[in-house]
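Asks: First, the structure itself, so that you have it in front of you.
Quick note: the coordinates plus some simple rules give every number you see, no bench work behind them. Quick caveat, the model's predicted, so the values are computed rather than measured. Here the Cβ positions follow ideal geometry from the backbone for every residue, glycine too, while neighbour counts run over all protein chains shown.
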Amino acid sequence: MRAPARRVTDLSRLSRPASGAGVGGWGLLLALSACAPPPKAPPTSAVAATKIDAPEGAVLAAACTPTGPELCFNAVDDNCNGVIDEGCGVGTGVLQFTIAWAESAADVDLVVTDPSGARPTRDHPVTSSGLRLDRDCPRPKETETCGGQNTENVYFEGLEPPRGRYKVDVRLEEPYGARLPLSVQLSARIGAHTYTWELALKEKDDHKTFEFTL
Ligand SMILES: [Ca+2]
Ligand SMILES: [Ca+2]
Ligand SMILES: [Ca+2]
């Protein structure tokens, strides 16, 4: 992947007039200021993960195999376009993390922690950095937003996620009698790359963690 070209203007190279500069010097500076283009927003730099620590015992799906049209709420990029569960009303961005599991009774939690240690929760669904907890199921029918599926989704709302270490934790909150080990699909979209793992959670509070650095 090629990083977009960066245009950097080093303002420190523009020399200031000496204190004794004459009117001509100031006039030149004013003329330069009048012609200078307005300051631009910084370019959106490439978002790519380094130092990836995969979940223990999980196997990374090395290549995406298109299996047909995108299916909703299965945490799989079925059509291999790099976006997970698009067209399903699920939020996505330069960072997106999605889990799904088939055993309907169990409750699994997806907890994403940003480099400052902040994490979106049900009570505070957006961190100050812009990570949003977008789907959080299962939950009571009246507040359910997952079409009856077991899925959770967290994504970054802006274009420039903070740099540093991220932690993505998948925890079996409560099996509620589900068959164990519980199989959970985890997909992570980081910039132009999508990673998919199949996790096996053995008992209540068992969890798998995936870490990376931006
Ligand atoms: Ca897709
Ligand atoms: Ca899908
Ligand atoms: Ca949950």
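Asks: Rounded if a/c is under 1.5, else prolate if a/b is larger than b/c, else oblate: which is region 50-213, with a ≥ b ≥ c the root eigenvalues of its Cα gyration tensor? Each step should come with its number before you reach the end.
Replies: Values: a/c = 1.23, a/b = 1.15, b/c = 1.06.
Because its axes are fairly even, with a/c under 1.5, region 50-213 counts as rounded.
Asks: Of 209, 127, how do they rank once you tally other Cβ atoms within 10 Å and put the fewest first?
Replies: Details: 209 15, 127 22.
With the sparsest Cβ surroundings first, the list reads 209, 127.
Asks: Can you work out the Karplus-derived ³J(HN,Hα) for every residue in region 186-192? Use 6.51 cos²θ - 1.76 cosθ + 1.60 with θ = phi - 60°, whole Hz, and x for glycine or proline.
Replies: Karplus values, whole Hz, x for Gly and Pro: 10, 10, 10, 9, 10, x, 8.
Asks: With θ set to phi - 60°, apply the Karplus curve 6.51 cos²θ - 1.76 cosθ + 1.60 along region 85-91 and write out the HN-Hα couplings as whole Hz, x wherever there is a Gly or Pro.
Replies: Residue by residue, region 85-91 yields 6, 6, x, 10, x, 8, x Hz.
Asks: Another question, then. Of 204, 51, how do they rank once you tally other Cβ atoms within 10 Å and put the fewest first? Please report the intermediate quantities before stating the final value.
Replies: Working: 204 14, 51 9.
Least crowded to most crowded, the residues run 51, 204.
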